[in-house]
Amino acid sequence: MGNMVSVINTVDTSHEDMIHDAQMDYYGTRLATCSSDRSVKIFDVRNGGQILIADLRGHEGPVWQVAWAHPMYGNILASCSYDRKVIIWKEENGTWEKTHEHSGHDSSVNSVCWAPHDYGLILACGSSDGAISLLTYTGEGQWEVKKINNAHAIGCNAVSWAPAVVPGSLIDQPSGQKPSYIKKFASGGCDNLIRLWKEEEDGQWKEEQKLEAHSDWVRDVAWAPSIGLPTSTIASCSQDGRVFIWTCDDASGNTWSPKLLHKFSDVVWHVSWSITANILAVSGGDNKVTLWKESVDGQWVCISDVNKGQGSVSASVAEGQQNEQ
Amino acid sequence: MKLKEVDRTAMQAWSPAQNHPIYLATGTSAQQLDATFSTNASLEIFELDLSDPSLDMKSCATFSSSHRYHKLIWGPYKTDSKGEVSGVLIAGGENGNIILYDPSKIIAGDKEVVIAQNEKHTGPVRALDVNIFQTNLVASGANESEIYIWDLNNFATPMTPGAKTQPPEDISCIAWNRQVQHILASASPSGRATVWDLRKNEPIIKVSDHSNRMHCSGLAWHPDIATQMVLASEDDRLPVVQMWDLRFASSPLRVLENHARGILAIAWSMADPELLLSCGKDAKILCSNPNTGEVLYELPTNTQWCFDIQWCPRNPAVLSAASFDGRISVYSIMGGSADGLRQKQVDKLSSSFGNLDPFGTGQPLPPLQIPQQATPRSPGLPLKKPPKWIRRPVGASFSFGGKLVTFENIRIQPLQGAEQQQQYHVFVSQVVTEKEFLRRSDQLQQVVQSQGFISYCQKKIDASQTEFEKNVWSFLKVNFEDNSRGKYLELLGYRKEDLGKKHIKEEKQESEFLPPAAGTFNISISGDIDGLITQALLTGNFESAVDLCLHDNRMADAIILAIAGGQELLAQTQKKYFAKSQSKITRLITAVVMKNWKEIVESCDLKNWREALAAVLTYAKPDEFSALCDLLGTRLESEGDSLLQTQACLCYICAGNVEKLVACWTKAQDGSHPLSLQDLIEKVVILRKAVQLTQAMDANTVGVLLAEKMSQYANLLAAQGSIAAALAFLPDNTNQPNIVQLRERLCRAQGEPMPGHESPKTPYEKQQLPKGRPGPVAGHPQMPRVHTQQYYPQGENPPPPGFLLRENVTPSTAAQQPTPPGHMHTQGLPYPQPQPYQPAQQYSFGAGGSAAYRPQQPVAPPSSAYPNNPYLSPASSYPGQSQLYAAQHQASLPAPSPTASFPPPPSSGASFQHGGPGAPPSSSAYALPPGTTGTLPAGSELPASQRTGPQNGWNDPPALNRVPKKKKMPENFMPPIPITAPIMNLLGDPQSQMLQQQPSAPAPPSSQPSLPQPHLPGGQPFHSIQQPLGPAVPPPFSKPNIEGAPGAPIGNTFQHVQSLPTEKITKKPIPDEHLILKTTFEDLIQRCLSSATDPQTKRKLDDASKRLEVLYDKLREQTLSPTIASGLHNIARSIETRNYSEGLTIHTHIVSTSNFSETSAFMPVLKVVLTQAKKLGV
């Protein structure tokens, strides 16, 4: 298998407490991190370097997640925190500043995710109060808020937007017309469910699907990027140690079938798709990151065990995990 | 936030953590009789269904029990029962009894639910705990210092942990250690706690603060630290929780004094050791951090005391509390609003009062004005400290370029005294998973750089696993070889040499036949048919003579006479002949004579696709060649079986139609795997190179599908970290939005300097740069309408591009906004511009040569409805189409039967190429009647098909094979206006065709008003050739304006329709300093002409002479850039010295360094001249 994963940059964040998220921007040149020390930091990491660009203070609790907006809107970063707030930060004249604060949740905001840029600036936020809010920028510094109450009883842990795919293929689209996107996102929560939400024609969000397979909290959901295939794919991971790959082939988008990627021995916290949607990175509570790929016969195979410190590959561990399955 | 409630005065036990779904068991409490003083008791099981927003808990089963309970626990120990509910319910009763229930049987409704019971204890059993390491072990405590250890496997005989403590006291609490399995603790209201070691079978330590006020109501071990435990006191005078560490057992480590009155119960979260619940007689439920003493959360409760509190083992945020007002409430400590609760209360009220008129007053009650305003959103504030279970400790996220960002927080056990500084690192890793893919991609890149296409193709042929793969690579390879059409024919099984031999024989036969008979002959005017013909001939009545011949089935005579009778008669006669002739190959002959290859391609049996392709390869003019190949490919794709469908790829390769190749290949192959994409891209890249080399332009046209595939490919490369390679493969001369976006992303990912204090440069932003052009700029038509204002009105800087854009452009109008044509930045649409797939563009790859040399002039039709269409050179797409159209209509053939089978092409077809008439004798079945071809005017006077024949046309691919192609398109390259409709619709529809041509007609741009011809290069010749049977006299060979210019994009017909100016416009003189260029070049052409022997070369030269007019016009207009002009002078100087090799080198240099659109019109011509001069040695 060889050296599949090699560390090319180690960033000492100087955070004073646990790091909870680290996200690169659209180009892979800037790194945003957030921590229990209540701060959000931005680093320029080009060419293996690490230059602290911003140390953003404003949250009053641990910051769980950060999310970069598409660069067409400028340099914008959203963060969410245990302090029940979502803060949108923006770079103006080279300085990062808070540009908006959303405090419409009654409990910890656990996840933020920007909608595909095609829709405009829309941020979905999932909270432990069970609600999901959708912030839409309407201009002049104004954000319109829509809220889905009781989206997940006792808490929403993750939100992830479906890629912007026009129903039917791109070729069939009548020229010059506004593509009729259907906005969708997935959420996972403490009700052990993944729920799929769809924006109705009247602009209201309706639950479209309930995906049920996990037997414990759904910790993360990740809708796979579109690679031009008609299949939609979602990865989910849970407190129960299971990672499922959900696929939907039918045009109506309503028949989802789960496939167990693996049952880990510990909680699985995070799943992330590669940009080309062929590799899934799975982060487990045992502090292990594994990479998974679908083989030709449709089985998910662990291709690498990311050992962060050394960046080496341990094939034996990978095999061992498969045997466990 | 309260989640659920059950109206019971009961003890409670959650199902074990393993169990899903979550159940809550309740057993009627022995402590307190409810208001009815009923002595009924029951054991019930409820399901915690959080997806149900109501406050009600779903009751699963009720078992009427004869016992009331002091303690109820649910152990995970697996009895032999089946069912989804696991474990065992263990109840402590009033009379010293311990009862084991099978919860699965309770849920199933069984009557026999008791597994076992034992009444060994004296007095009520208030304390029970399951050993978490050995779940079959249960400890119980009762009065008189009684402690028993029960083995569920052997329930009859309990053990004791050691001798009873003295004096005898009630055991109120008992707990197994969470770290060490043989350690047990017990506590009593007297305030003492005892720790037992079961291995030693004795108490090892006694814990007491000697205050005599600790009345232990609760005992719990630290979930993580083996030596720590907490004790709670229910004494109102000392309502505290004491934290003890057995290593310092003299006094409590910490005392939590958060309750005002005695504490009735505590529960320590197993999920987070910093969360300890306590409830007391002050009616509070508190969540504190026992390690600091801080109160983290106070649950919103009613005013009743709670006597039992439990964490849900499975859902760490959930807890339940049983209160003396007869209710068990389930809470989340994560906060949230309590809308559900209110709703339930309202429901209850209205259901109790019924109809809102409970007293029958006839007046409904006014609407309820309950707490909603009184408690305006008073959600319980969440825990001050986030619970451990929501603190994500690990994460790995992919980012662009195949990078994986990971972080970790390895917990270091804080050691006493030693402050260990933890460093918080983020790692950026490169993930490479597709080594083979990268290797092949690298190989391909090298081939492109080294131009070693032929050997690459050969390697691919050798390595081919399938015949089809081999064919594809063979076809691709041919593109780089001389005489590609001939080679194609060979690949199809038609060797030119063989054909040649046959022709020689044929010619010999003809020469024997042709010499006119000497001597006298008799002119008979008898009454028989001969006589009648003679009479008609004598009177000059060719028509009648031909009719008579036809009538008498003397076809050869008829045709010969018709020739003498003129074009019109010949045409008529041919028609009549074809109508009469029923032979199998008539249709082929018809097609050959009428030059209606479309007929063949359209109606041949698809089993004969090879033959049809061979015919096209043999006969089709360069400009229609690719269209015909395309057409055949399209038919194969849409009509043929799956086997034939893939063969369409070969047709598209012949046509040089990359876009269609992509479409066809994609259909046949699974393109999702990187290697299968690599398979496709290899072919596509090679084909594009071929097209580039042979046609000197248009290879850069990137269709929607190709753009899709190429960006997919580049994305894959990028995802493997090969950003430079991704950039190299990404077509660089296209406005396909996905490619433009990806290019920008790749460039920036590569580490291009950060914009620093400027706003970022993105392709999106480019849209807002109107570059001084008035009018709105087409933006994102998809943009939501809401973004109509500036993003940061207060800022001095321009707002981010996305926002600015939408100030002017609403989604409905954006798409129609005309973009200034040729404006590069406006075309960099970041969105996949929805483009109908336009077959028209396929022709841009066509072999039609003239298009290749047309200057790429931006044409600005204000009426164009598709300003953003990124396709290049629509003009180049017309030749094939107009030819087909013209042919179809002029030939006026009867509608072809689609099912008619098509015979293999006649070998006689080659006669056109070689200028010799005749049919091969060897294949008589397909042979043309010798006279037919032999007497065609085209055969001798007007060797049209010969002159334009694929092998010998001056723009024949091999001849221009090595036109160096500038790799990069200039930044300011301006594509002309697009094709507005799929070409296929137009083939039979002259009207729409004209409409379509209207905007694209290359009207001379105002900057060059004096160029009437170059923009219609050779418009006529093919038109003329196409109508050899028409009324017009065959144009003389030397007539220059109809001579030699191949690839006419637009036929005469349309020129007239459009009333384009065809009259001469006086031209400016060429500036003196450049006059030398003209004289040198013309002189060279003349020299070549005088020493050239074969007509092909002469023709080429004639044509070149004419086509260099474009250059002269540019000189006149002084529009040439100085570098090119000086380069041309260098060439002229090398011509003077007859150093043509040097001239060619300079030529290559100019072409490779100059603006493509500026030189494409004349540089290839110049190369032809130089090459000829070198060859002829003039």
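No value in this document is a laboratory result; all are computed from the given coordinates. Here the structure is a predicted model, which is why all the values come from computation and not from measurement. Don't worry about glycine lacking a Cβ; one is built from the backbone with ideal geometry, like all the others, and counts go over all protein chains shown.
Of the GluC sites (Glu not before Pro) found in segment A:55-145, those that fall in a DSSP loop while having at most 12 other beta-carbon atoms within 10 Å are A:Glu60.
Normalising by the residue count of segment B:1072-1176, find the relative contact order in percent from Cα pairs under 8 Å and 6+ residues apart. List each step's numbers first, then the result.
On the way: 79 pairs, mean separation 38.5, N = 105.
Across segment B:1072-1176, relative contact order equals 37 percent.
Within 10 Å of the Cβ of each residue in A:148-157, the mean number of Cβ atoms contributed by other protein chains is 5.
The distance from the alpha carbon centre of segment A:270-294 to that of segment B:523-580 is 85 Å, rounded to a whole number.
Using the Cβ-Cβ distance between B:His1149 and A:Asp55 with R0 = 45 Å, the FRET efficiency computed as 1/(1 + (r/R0)^6) comes to roughly 0.25.
Over the alpha-carbon set of segment A:223-269, divide Rg by the Kirkwood Rh and report the Rg/Rh ratio to two decimals. Numbers along the way, then the final one.
On the way: Rg = 12.0 Å, Rh = 11.4 Å.
That ratio equals 1.06.
Under a model in which nothing but the beta-carbon of Lys, Arg (+1) and Asp, Glu (-1) is charged, chain A shows a dipole of about 220 debye around its Cα centre.
Of A:Lys288/B:Lys709; A:Lys206/A:Lys263; B:Lys621/B:Lys1175; B:Lys477/B:Lys709, which sit over 28 Å apart, Cα to Cα?
Working: A:Lys288/B:Lys709 35 Å; A:Lys206/A:Lys263 31 Å; B:Lys621/B:Lys1175 26 Å; B:Lys477/B:Lys709 22 Å.
In this structure, A:Lys288/B:Lys709; A:Lys206/A:Lys263 lie more than 28 Å apart at Cα.
Charge tally for A:Trp161 (other residues, Cβ to Cβ under 15 Å; Lys, Arg +1; Asp, Glu -1): +1.
Placing dummy labels 7 Å off each Cα toward the beta-carbon, the span from A:Ala251 to B:Glu1082 is 6.6 nm.
With the Cα gyration tensor of segment B:264-331 giving a ≥ b ≥ c as the square roots of its eigenvalues, does the rule (a/c under 1.5 for rounded; else a/b larger than b/c for prolate; else oblate) give rounded, prolate or oblate? Don't skip to the answer; put the middle values down first.
Details: a/c = 2.14, a/b = 1.35, b/c = 1.58.
Here segment B:264-331 falls in the oblate category.
Mean partner shielding of peptide B:5-16, defined as the number of other chain Cβ atoms within 10 Å of each residue Cβ, is 0. Mean partner shielding of peptide B:430-440, defined as the number of other chain Cβ atoms within 10 Å of each residue Cβ, is 4.
Residues whose amide H falls under 5 Å from that of B:Trp244, counting only those 5 or more places apart or on a different chain, are B:Met229, B:Val230, B:Leu231, B:Leu253, with hydrogens built in the peptide plane. With R₀ set to 30 Å, the beta-carbon distance separating A:Asp44 from B:Gln443 gives a calculated FRET efficiency near 0.30.
Relative to the present Cα-Cα distance, how much length would full extension add between B:Ser544 and B:Gln304 at 0.36 nm per residue of separation?
Values: separation 240, 0.36 × 240 = 86.40 nm, distance 12.33 nm.
Net length gain for the segment: 74.1 nm.
Which shape class applies to chain A: rounded if a/c is under 1.5, otherwise prolate when a/b exceeds b/c and oblate if not, where a ≥ b ≥ c are the square roots of the Cα gyration tensor eigenvalues? Cα axes put chain A in the rounded bin. Other residues with beta-carbon under 10 Å from the beta-carbon of B:Gly280 carry, at +1 per Lys or Arg and -1 per Asp or Glu, a net charge of 0. Spin-label model, A:Lys147 to B:Val255: label points 7 Å out along the Cα-to-beta-carbon direction sit 4.4 nm apart. Estimated from the Cβ-Cβ distance and a Förster radius of 25 angstrom, the FRET efficiency linking A:Asp266 and B:Ala226 is about 0.70.
Peptides B:683-692, B:1089-1098 ranked from most to least packed, by the mean per-residue count of other Cβ atoms within 10 Å: B:683-692, B:1089-1098. Could you please report the charge total around A:Arg195, scoring K, R as +1 and D, E as -1 over all other residues with beta-carbon less than 9 angstrom from its beta-carbon? Here the count lands on -2.
When both segment B:208-259 and segment B:437-482 are represented by their alpha-carbon centers, they are found 81 Å apart. Per the Debye calculation on segment B:1072-1176 with a single equal scatterer at every Cα and no solvent contribution, log₁₀ I(q)/I(0) for q = 0.11 Å⁻¹ amounts to -0.29.
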